[in-house]
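Below you'll find the structure, written out as structure tokens, and then a few comments.
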């Protein structure tokens, strides 16, 4: 996902990591390369569980000292030949409205925005027009993590946090992938995403690799799994509990032009679903994966793959 408060010239090489923790918490790490002419901010919509208050709904984590987080994750994925099956595992203008809490998170200034109306408590340049949000009605009761970027171009260190997810009780993991780069919500967008997921459910069902075109994926999950547990290639002590050292990492690439949507990985099914969630429609129940990837992430091709299986 890439929702920017101001227009951007380019956004590439987006990577997202997600893992459910015990209880209702979900970890999320996000990184991308970008170029912008103006001061900008990234806004991540989140299905936050209501009723806990601002201070106990989301916790930011600084990964400034672990800029190689995603590079290390990628090291866990050796090339697997198709015919060599392998098992493995504002500031508000009104003085009587309090400002949102501001957090120094490494190289970012970050805020948790509990509802859409609370964007009035941020600087105007870090908001999205209400008319844009109105085009994505499912976000009406979402919360948001806002990271103000300190530079106008480059590859910031990973942004990380954990939040109380309303989807956790259904063993579903949320990947924010909707694109808003110019204040407009387009039906289709260009994706350059790599998603990383940890799930004991995926570890338990992954099996033989199959080849589809130039891509090799696990027959059961639809993802590519790491060769071994995360502790073999990731500096677990630098992730502050985000990564589980004894679990595999599962990777899904989404590159090309797709429907603009979020992805939700349903973990509770014996064979996971890789489908979109756009407009609240959660489809497919075949291959394991991510459900509802970005608002650009066209699930249709995911659903097609699921049906082929």
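With respect to residue 235, determine if the residue is surrounded by 18 or more Cβ atoms within 10 Å (Cβ to Cβ), at pLDDT 90 or above, under 21 Å from the mean Cα position of the chain (by Cα) and closer than 29 Å to residue 22 by Cβ. Write out each step before concluding.
Values: surrounded by 18 or more Cβ atoms within 10 Å (Cβ to Cβ): no; at pLDDT 90 or above: yes; under 21 Å from the mean Cα position of the chain (by Cα): yes; closer than 29 Å to residue 22 by Cβ: yes.
No: the conditions fail for residue 235.
Among the residues in the range 17-33, are any at pLDDT below 95 and in a helix (DSSP H, G or I)?
No; the residues of the range 17-33 include none that is at pLDDT below 95 and in a helix (DSSP H, G or I).
So is residue 99 outside any strand (DSSP E or B), modelled with pLDDT under 90 and surrounded by 12 or more Cβ atoms within 10 Å (Cβ to Cβ) or not? Step through it out loud before you land on a result.
On the way: outside any strand (DSSP E or B): yes; modelled with pLDDT under 90: yes; surrounded by 12 or more Cβ atoms within 10 Å (Cβ to Cβ): yes.
Yes, satisfied.
Looking at 304, 286 in this structure, which one is outside any strand (DSSP E or B), at pLDDT below 50 and out of contact with any helix residue (DSSP H, G or I) (no Cβ under 6 Å at 6 or more places or on another chain)?
Details: 286 fails: out of contact with any helix residue (DSSP H, G or I) (no Cβ under 6 Å at 6 or more places or on another chain).
Within the list 304, 286, the selection yields 304.
For residue 128, work out the one condition from (1) buried (at least 17 other Cβ atoms within 10 Å of the Cβ); (2) more than 20 Å from the chain's Cα centre (by Cα); (3) under 25 Å from residue 261 (Cβ atoms); (4) modelled with pLDDT under 85 it doesn't fulfil.
(2)
Restricting the range 194-211 to residues that are in a strand (DSSP E or B) and within 20 Å of residue 230 (Cβ to Cβ), which is farthest from the chain's Cα centre (by Cα)? It would help to see each step written out before you state the result.
Step one: of the range 194-211, the residues in a strand (DSSP E or B) are 194-198, 209-211.
Pick out the ones that are also within 20 Å of residue 230 (Cβ to Cβ) and you get 194-198, 209.
Values: 194: 9, 195: 7, 196: 9, 197: 10, 198: 13, 209: 25 Å.
Ranking the candidates gives 209 first.
Modelled with pLDDT under 90, in a strand (DSSP E or B) and under 15 Å from the mean Cα position of the chain (by Cα) - does that describe any residue in the range 174-184?
Checked against the condition, which is being modelled with pLDDT under 90, in a strand (DSSP E or B) and under 15 Å from the mean Cα position of the chain (by Cα), the range 174-184 yields at least one hit.
In the set 153, 160, which member is within 17 Å of residue 33 (Cα to Cα), at pLDDT below 85 and surrounded by 14 or more Cβ atoms within 10 Å (Cβ to Cβ)?
Working: 160 fails: at pLDDT below 85.
After ruling out the rest, the residue left standing is 153.
The values are calculated or read from the model by the stated rules, or taken from the named source; none is laboratory data. Nothing here was measured: the structure is a model prediction, and the numbers come from that model. Reconstructed Cβ throughout: ideal geometry from the backbone, glycine too, with neighbour counts over all protein chains shown.
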